[in-house]
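Just below is one structure, and these are the notes that go with it.
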Amino acid sequence: MTAPLHEPTAEAAPRAAEEAAVATTGAKAVQGRSLGRIAWERLKRDKLALTGGVVVLLLILVALLAPALANLIGQDPDAYHENLIDPLFGTPTGSLGGISGDHLLGVEPVNGRDIFARILYGAQISLLVGFLSALVAVVLGTILGILAGFFGGWVDAVISRVMDGLLAFPQLLFIIALVSVMPNDMLGLTGSSVRVFVMVLVIGFFGWPYIGRVVRGQTLSLREREYVEAARSLGAGRFYILFKELLPNLVAPIIVYTTMMIPTNILTEAALSFLGVGVKPPTASWGQMLSSAIDYYDSDPMYMVIPGVAIFITVLAFNLFGDGVRDALDPKGSR
């Protein structure tokens, strides 16, 4: 009998396997990854940053759903429960500040308001001021920083001197003085809404030089790159180069510094409320709760510990997430 005409020889089999391996390798090599995907893959490997990001998301959900969560546990943040207060000492009855099945974190001294409900509503104030003031700072800092770095000359000199002056200005003292003299009714806002509005504007205004200096420095470097020169040679205008060529390449540092500004702004709001120039009662605020707890730290320490832990966890989560985002977007940078 004759052998089949197309039977592979001993030399052809290894060659076929080699060609298949090369084809497979080539198929994998052509799969591209965007910068966002690369950064996300780096971020996924950082467990601490992911943990911080999860906590940040939970805090945002808690702030958004505070009324629903308060109704779910059946507690009103402004409702008094004087029957749970010792009439002699003004402290909650029971252990650990009155913690029970009805009051998960206990009640406040003197008036008996539910601490858990007030922590939920306090998250709204802290995150609202933290995010909005960071937004104001990012918008001002990005616009002025990119203008200073791109145009240079007298534009850079004026903006840089303004940044130096604001960085040297006693921010906290100015905010205290300004908020203290603000009227209770302004631009259709009343009460604590006026104070929140003023805090957002003032904290954001004094915060923009920090991100402005970073954007200016990056712009000074980017404006000399080849793609900018190519855009100029093709007749692109200044604003096209600013917002189509330079700004997209500044997104990474802007995101990083935004995540690091938010916890600082939260601490500033807590400090202002602690000093009595932030939101006023009955509006809940973590800093205000800490201030009220000073008189009861020895008889009811839980009243001080709980808002302090809330501030600590919030700031720590944002810092861990911010560090992870920075390392993901700039792997060559050092902590």
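Candidates GLY204, SER233, VAL256 compared by Cα position along the dipole of the range 179-258: farthest toward the positive end lies SER233, with charges placed on Cβ. Annotation for LEU61 and ALA177: the two label points, set 7 Å from Cα along the Cα-Cβ direction, are 4.5 nm apart. Rolling a 1.4 Å probe across the protein heavy atoms gives the chain an accessible surface of 55 Å² per residue.
Which whole-number percent of Cα pairs in the chain have a distance greater than 37 Å? Looking at the chain, the distances longer than 37 Å represent 38 percent of pairs.
Taking the charge dipole of the chain about its Cα centre, with +1 at Lys and Arg Cβ atoms and -1 at Asp and Glu Cβ atoms, the residue from VAL138, ILE73, GLY308 reaching farthest to the positive side is VAL138. Annotation: amide H of ILE85 within the under-5 Å range of THR93, sequence separation 5 or more or interchain, hydrogens built in the peptide plane.
The long axis of helix 12-29 is offset from the longest Cα principal axis of the chain by roughly 40 degrees. The angle between the Cα long axis of helix 115-151 and the longest principal axis of the Cα atoms of the chain comes to about 50 degrees, rounded to the nearest 10.
Quick check: residue separation of LYS47 and SER100 times 0.36 nm, minus the Cα distance between them. What number comes out in nm? Provide the component values of the computation, followed by the final result.
Numbers: separation 53, 0.36 × 53 = 19.08 nm, distance 3.41 nm.
Length gained, LYS47 through SER100: 15.7 nm.
Using the Cα centre as the reference, give the magnitude of the dipole from point charges on the C-beta atoms of the chain (Lys, Arg: +1; Asp, Glu: -1; all else neutral), rounded to the nearest 20 debye. Don't skip to the end; give the middle numbers.
Details: 23 positive and 27 negative charges, 255 e Å.
Using only the charged Cβ atoms, the result is roughly 1220 debye.
With helices as the sole contributors, the chain gives -21500 deg cm²/dmol at 222 nm; each DSSP H run of n ≥ 4 counts as -39500 (n - 2.57), and the sum is divided by every residue. Note the angle between two axes, namely the Cα long axis of helix 251-274 and the longest principal axis of the Cα atoms of the chain, as a number of degrees from 0 to 90, rounded to the nearest 10. On a 0 to 90 degree scale, this one is about 10.
The values are calculated or read from the model by the stated rules, or taken from the named source; none is laboratory data. None of the values given here were measured: they were computed from a predicted structure. Note: ideal-geometry Cβ built from the backbone for every residue, glycine included; neighbour counts use all protein chains shown. These accessible areas exclude ligands, DNA and RNA; they are computed on the full protein's heavy atoms, side chains included. Shrake-Rupley method; radii C 1.70, N 1.55, O 1.52, S 1.80 Å.
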